[in-house]
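Participant: The structure's right below; bear with me while I get my questions together.
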Amino acid sequence: MAYKTIVVDNIDILVVGAGLSGTGAAWEARYWGQDKKIVIAEKANIYRSGAVAMGLYAINCYMGTRFGENNPEDHVRYARNDLMGMVREDLLFDMARHVDSAVHQFEEWGLPLMRDPETGKYQREGKWQIMIHGESYKPIVAMAAIKSADKVYNRICVTHLLMDEAKENRVAGAVGFNVRTGDFYVFKSKTVIVAAGGASMIYKPRSTGEGAGRVWYAPWSSGSAYGLLIQAGAKMTQMENRIVLARFKDGYGPVGAYFLHLKTYTQNAYGEEYESHWYDELKKMVGEYIDHHPVPTCLRNHALIREVLAGRGPIHMVTMHSFQDPHLEEVGWHNFLGMTVGQAVLWAANDVDPKCENPELTTSEPYVMGSHATGCGAWVSGPEDVSPPEYFWGYNRMTTVHGLFGAGDAAGGTPHAFSSGSFTEGRLAAKAACQYIDDGKAEGIVVSERQIEELREKIYKPLENYKIWRNEIVAGTVSPTVLLPKQGLIRMQKIMDEYCGGVSMQYMTNERLLNIGLMKLQLLKEDMEMLAAADLHELLRCWELHHRVLTSEAVMHHTLFRKETRWPGYYYRGDHLYLDDENWHVLTVSRRDPKTGEYTMEKAPLYHIVGDVEEEYEKKKKAKKKAS
Amino acid sequence: MITTNPFAGLAEYGITPGMMMAFVILMVLAVVVGTALDVLHKKSHKYFFEHEERMKKLATRELSSAEKTSMLIQTITSEVLTSSEFHNPKRRLAHLLKMYGFVLFVLSSAVLIFAYPTTADAPFWAFLWHLGAIMVAIGGYWFFFSLRVDVQSEGNKWWNLKKRDLFIVSLLATVTFGLLWSLFGTVVLFALFIISTAVLFGSVYWSKFAHMFFKPAAAYQKRKLMADGSRENLPPFYKRAEVLDQSTMDLVRDIPKDQKFGLCIMKDEPKHY
Amino acid sequence: MPTFVYMTRCDGCGYCVDICPSDIMHIDDTWRRAYNLEPDMCWECYSCVKACPMHAIDVRGYADFCPLGHAVRVHRDEEEGIIAWRIKFRSGRIKDLVAPITTKPWGKFIPNLREVAPPTDEQRKSQLLFNEPKYIRLDDGDLYTLESQGLKMRQGVYY
């Protein structure tokens, strides 16, 4: 193979993945490191990459302290409540206190933020969301990152991180290949900020033909945020906390604006409100969490799933009332065109006019990510002035590997960050990374030629496999020796679906199923040594699959470890069908030993931000107890 | 040198003017037959007309014959004669060099072979023949080494040839061997020239050659469909000033109407890797 | 709704290949024109559709669940700063929409952070980011802390 090896040396800050958190990181890093070498490695084209490539119609995380709307701690309480308590409140508070400054800059750069004509405030969609015309959200933030970075390397699929050989557990850069030229890229860097994406397509999707591409989270979100960190031996947290979305059927079009701004609501096939049907059952499963406001997303999912299983489906979104207002109807369509065009296509194809009929809703296959209503990701340090000792080890957003930072989907325990919060996390990580370098923590990094050569050989092996074993068969895709990336993907999806609570199991699993699943995943991993790629596009798919499988494995281990059903509606442990605050009011933390591949699991304490609101609540609770 | 008729000395190789004339006629026939087969076999003409019929149903107005004539003229002056359909100015220039060079080359070949089969001294036509070949070579090699989209945007190496390259490679081979033969006059170069010419004109059915016939037709059709209101389902190409009264345009209502925003994604050439 | 390319409209310019986030728009071996080589990895994000200068790329709703006969087409104009959509339903009904995509000349108001005044040591030690605290509320107040908000971090179940 004639692919060149291109070494990019002396990098101070390497940003892997330039979605919203990566662009935030590269942008901010330039301020704290005006003379530092800042480099971006991006799998696609930075102008349209990451989950915001298509655009967004809302910024879902904006406090509005400027307008006296919410304080950061309010957002912490909101996210804590939605995730049934399982969040890193230090990280959430930190993100929330900075996030508005990012949004104000977006407006200055030209992002069209809508304003309420009467109050002059940003147009609210809901308590936390503001409405935007965000078709070019990504190109705009990309320009900021391009301006700050020394160089953006587009179309580089980063496959592995480089590790320092002088000091244990310290990062030294990353390697990958150029999806166009095929050349091997070696980035030697003092720090690495992993800002790659979460994982779509690790569970069998509801639509299995062309429609498999109409996943809720972008198909190019290949779990590289997790794959890269897990391979490097970074500790991960809350990986069991996969998310299931209640969305418009088949197109998975967004419902946020519909519920919050357009005031649509749901009902069952017979026009009844149905969530109350499941109140008693949920009360038994999760206790007083069902009484919280707003009702946590997972519990509302539970009601939807159970109602359909009870034979009263489908569930409809009642749009017929709101859509009589032509302005709201226009907002409804723009909402799709701005962020999920496919839903508009689906309705156009099926002649759905939401003025005249109430479209169907459904629950999606599960996704693993850390910036929406879920908090999978790396176990990272919080900020010095907020974090308790268990959550703090020197540098904000640094993982348990020295010099390796995470932001966005890569940082665990920080749900409800969305686009603006991810961008903010990138900024926080960038400042800390500069500080880490200035403190002299990145001196004397050694990377041997051997490490690089071994990785090079590994990366191109699927091309080699294909070439050699192509000779075995006449034509076609069936080989007794090698595995194509699509075949591996579908095999993984079936394992996750059937053994780890996918949609065809109605999100149900248990210890026995998980153990079988892990065994089957192990066999898949062994077979993946014989992955075969006919060209560079397929080589890209091979490495995406590697990252997805590493993510899946972590999800299985975490699901097995947490012996309770914390999030009914996201998944169910059939052998522990109740929420158990006594034993499991903790965060789960895992580490995969990079040498042996063995997993170790531990519980980490859960700290909550406590203020007047909580004290008031405690008092009431005690009084209630006394009374009873 | 470039004013000498290269076909005049063919008798040296025992090739009579009649043979050359027969070859030219054969090539013309090859193109006609190849194109006809291409159209008939693939039913591309049927698609063409059925698509037009389908789109006509969406038309909001009927085009007058004067309008159609004017569009036909525009198609000829704009797309056909100046290749305006190319978005990239470099590609447009390379294409024009190749196209006009090729026309000169073919035309002058025919004239030289039929009118001056044995006359070395035909400076005007011989000059055109060489000029045409050089123009094709300049446009063609430029295209071949850096403008081919698979080379420019896909990052493929230039030597990675596929079926799509049959036309450009045989075209380049034809003019290159033709020029070399005219320069050095060896029988081997002449043979290579004849072989590549035969491949160029004989492979119409398999190569992209036939595109030169359907491209103008498609361009004319596009003009008609954009004008009759069916627009191939495309929205109107508004100017901002025209839509400021739309409810979602609040944010840009206060910006000067003639303000232009410049380019963002479309600023760069499509080769981000 | 995977994308597809109209044979007679594509001029093989490469913008779709260059922009596709999923790396599925590629150049065909026979015609040197673009096509979607992996429709089940297409998110219908329209990045390529919007970038195509020829309007040669269109979308046909996913075969799994979309009847034929529809269209959602778009014209994105960076110079004008607007995007126009046309939705054609299977029934033939048409809906046109238009929206702004920027309010400023592209990139002009993004400061170059190499050239701004460098941060002080005090700022480096603080929790502040670039342009903070000013940009948090656009006033003179400081960053929020646990103390400023009367908060503590405590272990246990508190709600």
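Where a number appears in this text, it was derived from the coordinates with a stated rule and is not lab data. Here the structure is a predicted model, which is why all the values come from computation and not from measurement. Positions of Cβ are generated from backbone atoms using ideal geometry, with glycine treated the same way; all protein chains shown enter the neighbour counts.
Participant: Report the FRET efficiency, 1/(1 + (r/R0)^6), for B:Leu81 and B:Leu107, where r is their Cβ-Cβ distance and R0 is 22 Å, rounded to 0.05.
Facilitator: 0.90
Participant: In addition: Set the Förster distance to 41 Å, then compute FRET efficiency between B:Thr119 and B:Glu67 from the Cβ-Cβ distance, nearest 0.05.
Facilitator: Numbers: r = 50 Å, r/R0 = 1.21.
So, using R0 = 41 Å, E works out to roughly 0.25.
Participant: At what distance in nm do the modelled label points of B:Ser146 and A:Ala166 sit from each other, each positioned 7 Å from its Cα along Cα→Cβ?
Facilitator: 4.2
Participant: Considering only C:Ile101, C:Ile27, C:Ile110, give the residue with the highest GNM mean-square fluctuation for chain C, with springs between Cα atoms whenever their separation is below 10 Å.
Facilitator: Fluctuation is largest for C:Ile110.
Participant: Then there's this: With a cut-off of at most 16 other beta carbons within 10 Å, and DSSP calling the residue loop, which GluC sites (Glu not before Pro) in region C:67-159 qualify? Please list them.
Facilitator: On the way: sites: C:Glu78, C:Glu79, C:Glu80, C:Glu115, C:Glu122, C:Glu147; in loops: C:Glu78, C:Glu79, C:Glu80, C:Glu115, C:Glu147.
The qualifying sites are C:Glu79, C:Glu115, C:Glu147.
Participant: Gap in Å between the Cα centre of region A:74-110 and the Cα centre of region B:22-78?
Facilitator: 59
Participant: Between A:Asp9 and A:Met530, how many nm apart are label points set 7 Å from Cα along the C-beta direction?
Facilitator: Distance between label points: 4.1 nm.
Participant: Which one of B:Gly262, B:Gly202, B:Gly139 has the biggest mean-square fluctuation once chain B is modelled by GNM with Cα springs under 10 Å?
Facilitator: So, out of B:Gly262, B:Gly202, B:Gly139, the one fluctuating most is B:Gly262.
Participant: If I take R0 = 60 Å and measure r between the Cβ atoms of C:Glu79 and A:Ala627 in this structure, what FRET efficiency does the formula 1/(1 + (r/R0)^6) give, to the nearest 0.05?
Facilitator: Working: r = 69 Å, r/R0 = 1.15.
Working from the Cβ atoms, E equals 0.30.
Participant: Quick check on my link table: of A:Lys127/C:Lys108; A:Lys461/A:Lys494; A:Lys147/A:Lys167; B:Lys257/C:Lys88; A:Lys147/C:Lys104; A:Lys43/C:Lys88, which ones sit more than 23 Å apart, alpha carbon to alpha carbon? Don't jump to the answer; show the numbers that get you there.
Facilitator: Working: A:Lys127/C:Lys108 32 Å; A:Lys461/A:Lys494 25 Å; A:Lys147/A:Lys167 34 Å; B:Lys257/C:Lys88 30 Å; A:Lys147/C:Lys104 16 Å; A:Lys43/C:Lys88 34 Å.
Over 23 Å Cα-Cα: A:Lys127/C:Lys108; A:Lys461/A:Lys494; A:Lys147/A:Lys167; B:Lys257/C:Lys88; A:Lys43/C:Lys88.
Participant: Report the full-extension gain for the segment A:Asp116 to A:Asp35: residue separation times 0.36 nm, less the Cα-Cα distance, to one decimal in nm. Mind dumping the intermediate values first?
Facilitator: On the way: separation 81, 0.36 × 81 = 29.16 nm, distance 4.18 nm.
Value of the extension gain: 25.0 nm.
Participant: By how many degrees, between 0 and 90 and to the nearest 10, does the Cα long axis of helix A:511-527 differ from the longest principal axis of chain A?
Facilitator: Computed tilt is about 30 degrees.
Participant: Counting other Cβ atoms within 10 Å of each Cβ, which trypsin sites (Lys or Arg not before Pro) in region C:62-94 have at most 15 and sit in a DSSP loop? Show your work: numbers first, answer last.
Facilitator: Values: sites: C:Arg73, C:Arg76, C:Arg86, C:Lys88, C:Arg90, C:Arg93; in loops: C:Arg90, C:Arg93.
Answer by residue number: C:Arg93.
Participant: Something else: Taking a virtual spin label 7 Å from the Cα of A:Lys151 along the C-beta vector, which residues in region B:244-273 bring their backbone nitrogen under 16 Å of it?
Facilitator: Hits in region B:244-273 for A:Lys151 at 16 Å: B:272-273.
Participant: Over region A:303-416, calculate the relative contact order: mean separation of alpha carbon pairs under 8 Å at least 6 apart, over the residue count, as a percent.
Facilitator: Numbers: 147 pairs, mean separation 27.1, N = 114.
Normalised by residue count, the contact order of region A:303-416 is 24 percent.
Participant: Between region B:177-228 and region C:17-41, what's the alpha-carbon centroid distance in Å?
Facilitator: Region B:177-228 and region C:17-41 have Cα centres separated by 26 Å.
Participant: Next question. Given the rule -39500 (n - 2.57) for each run of at least 4 DSSP H residues, summed and divided by the residues of chain A, what is its mean residue ellipticity at 222 nm, to the nearest 500 deg cm²/dmol?
Facilitator: Numbers: 17 runs with 232 residues, N = 628.
-12000 deg cm²/dmol, from helical runs alone.
Participant: Which of B:Phe201, B:Phe261, B:Phe167 moves the most in a Gaussian network model of chain B with Cα springs under 10 Å?
Facilitator: B:Phe261
Participant: Could you please state, rounded to a whole Å, how far the C-alpha centre of region B:118-167 is from the C-alpha centre of region A:26-44?
Facilitator: 43
Participant: From Cα pairs below 8 angstrom and at least 6 apart in sequence, can you work out the relative contact order of region B:6-239, rounded to a whole percent?
Facilitator: On the way: 225 pairs, mean separation 71.6, N = 234.
Relative contact order, region B:6-239: 31 percent.
Participant: Calculate one ³J(HN,Hα) per residue across region A:96-105 by plugging θ = phi - 60° into the Karplus curve 6.51 cos²θ - 1.76 cosθ + 1.60, and present them in order as whole Hz with x for glycine and proline.
Facilitator: 5, 6, 9, 4, 5, 5, 5, 5, 5, 6
Participant: Starting at the first residue of region A:580-596, write each ³J(HN,Hα) from the Karplus equation 6.51 cos²θ - 1.76 cosθ + 1.60 with θ = phi - 60°, in whole Hz, x for Gly and Pro.
Facilitator: Per-residue couplings from phi come out as 10, 5, 5, 9, 10, 7, 8, 9, 8, 10, 10, 9, 9, 5, x, 7, 9 Hz.
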